[in-house]
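Before any comments, here is the structure.
Since every read-out is calculated from the coordinates, none of them should be taken as a lab result. None of the values given here were measured: they were computed from a predicted structure. Here the Cβ positions follow ideal geometry from the backbone for every residue, glycine too, while neighbour counts run over all protein chains shown.
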């Protein structure tokens, strides 16, 4: 059975990374993505030292300005000082790019960086040297299913079918849930008794009873998650005695 999906809005399948002006360089309406290791390999020892110093000084200055801007913004978001710090921070970030490294610091040439680019892509108007780019996942033209919702739906369907067809799995899950509920009920009874004991002790010692709800981690939720994890391992893990994601048969998604 085949399905076709019609996309009604722009879709971005990102990989979670962010490219700043230190990760790419613009030339003739193309973006060239460059890894930091490639830049280091291009430089000799003396230039590498200057490059490291440039990175250190500018990153520290940006961190200082960012913190100062946050502090001023909390005090008065519309003050002159807040606006001045915002402009200074923006300018510093704009200058902290590979373009500056090429045009001002002269540590490396544009052609050298382009030759070491991981890949390049056509860039429309509106991309600046200090833009932040959210790249797509690059799958080298292989089939890929994006979105945890889709993957989760497929995973849930497989687990449901496995549970329907396997009586031993049903018995294991039922036993696990019943044991969890019995244990939770026993603990609840113990907590009630302990609360009354604390109350009586406080009254006897002429202290004000502390009836506030104590903020304890919900052990029941943890137990449910553990059962769910064990259930998924039983169905989807190719090596049940080795709970490792690389043995998950759904890893291909």
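Considering only residues that are assigned to a loop (DSSP other than H, G, I, E, B) and surrounded by 12 or more Cβ atoms within 10 Å (Cβ to Cβ), which ones fall in segment 63-98? Before the answer, list the steps.
Step one: list which residues in segment 63-98 are assigned to a loop (DSSP other than H, G, I, E, B), which gives 76-79, 96-97.
Those that are assigned to a loop (DSSP other than H, G, I, E, B) and surrounded by 12 or more Cβ atoms within 10 Å (Cβ to Cβ): 79, 96, 97.
Evaluate segment 112-121: report whether one residue or more is part of a loop (DSSP other than H, G, I, E, B), free of Cβ contacts under 8 Å to residues at least 12 places away in the same chain and closer than 19 Å to residue 25 by Cβ.
Taking segment 112-121 and keeping what is part of a loop (DSSP other than H, G, I, E, B), we get 116-118.
Going one step further and asking which of them are free of Cβ contacts under 8 Å to residues at least 12 places away in the same chain, we end up with none.
Looking through segment 112-121, none of the residues is part of a loop (DSSP other than H, G, I, E, B), free of Cβ contacts under 8 Å to residues at least 12 places away in the same chain and closer than 19 Å to residue 25 by Cβ.
Could you figure out which of (1) under 21 Å from residue 132 (Cβ atoms); (2) in contact with a helix residue (DSSP H, G or I) (Cβ under 9 Å, 6 or more places away or on another chain) isn't true of residue 109?
It is condition (1) that residue 109 fails.
In segment 99-111, what residues are farther than 30 Å from residue 71 by Cα and in a helix (DSSP H, G or I)? Before the answer, list the steps.
So the first thing to find is which residues in segment 99-111 are farther than 30 Å from residue 71 by Cα, and the list is 99, 101-111.
Once the filter is applied, which keeps residues that are farther than 30 Å from residue 71 by Cα and in a helix (DSSP H, G or I), segment 99-111 yields 99, 101, 102, 103, 110, 111.
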